[in-house]
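Right, one structure below, let's go through it.
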Amino acid sequence: MSYQPSHIRFSLPEWLESYCGTYQPSASLEARMRFVVGASRKSVEEVSGGPFAAAVFEIESGRLVSLGVNLVLTQNSSILHAEMVAIVLAQMKLGAYDLGGFGMPAHELVTSTEPCVMCFGAVLWSGVRHLATGALSEDARAIGFDEGPKPEKWIEELEARGIRVTTGVERDTARDVLQLYARMGGQIYNARKG
């Protein structure tokens, strides 16, 4: 007998909700990035996932809509990257698959590291109007992560579709979290290791 689940579920780390409560809405992109990078550090320290975090914010107000962390290892799902988790939580909370839909405030995705190829695709379809990143893809590759065959001109691809991109925000702090994960012996979970 084959079994097809009737629901898709994943669990967030217990500390995530209380961490969200520490956020104070800010017009400063740097402050929003520090909050996101802080979540990635907490994820490493709590051993609750990979060294990545992402959040969706309303651009104008700085209001936090959702916060996601990497859940690949804890939930046994290769698609549960921080960006994917943040986007799906925001869409569920707002009841809309298009975060840039009519009558909605403009949203941004702030992520501790540049998106991999999968998350790049998700950004395209999410409806966000701005993507801000901390560590660069090369920083993730430096500790062994495979970011996939993202287009060479990925920033131009997003901007051509009306998504503004800001990279390297608080890069040193974000890169420090990746290096902490490596020092702590965190699992590098590329599908193909050789």
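The values are calculated or read from the model by the stated rules, or taken from the named source; none is laboratory data. Given the structure is predicted, the values throughout are model-derived calculations rather than measurements. Cβ placement follows ideal geometry from the backbone for every residue including glycine, while neighbour counts extend to all protein chains displayed. Heavy atoms of the whole protein, side chains included, go into the accessibility calculation; ligands, DNA and RNA do not. Shrake-Rupley method; radii C 1.70, N 1.55, O 1.52, S 1.80 Å.
Mind checking which residues of region 171-193 are in contact with a helix residue (DSSP H, G or I) (Cβ under 7 Å, 6 or more places away or on another chain) and not in a helix (DSSP H, G or I)? Spell out the reasoning first.
First, pick out the residues of region 171-193 that are in contact with a helix residue (DSSP H, G or I) (Cβ under 7 Å, 6 or more places away or on another chain): 173-175, 177-178, 180-181, 184, 186-187, 189.
If the condition is that a residue be in contact with a helix residue (DSSP H, G or I) (Cβ under 7 Å, 6 or more places away or on another chain) and not in a helix (DSSP H, G or I), then M184, G186, Q187, Y189 are the ones that fit.
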Evaluate region 83-101: report whether one residue or more is modelled with pLDDT of 95 or more and at positive phi.
yes
Go through (1) closer than 28 Å to A182 by Cβ; (2) modelled with pLDDT under 95 and name the single condition T111 misses.
(2)
Only one of (1) open to solvent by less than 10 Å² (accessible area, probe 1.4 Å); (2) aliphatic (A, V, I, L, M); (3) out of contact with any helix residue (DSSP H, G or I) (no Cβ under 6 Å at 6 or more places or on another chain) fails for L131. Which number is that?
(3)
Being open to solvent by less than 60 Å² (accessible area, probe 1.4 Å) and part of a helix (DSSP H, G or I) is the filter; apply it to region 148-170 and report the residue that is nearest to V123 (Cα to Cα).
L158
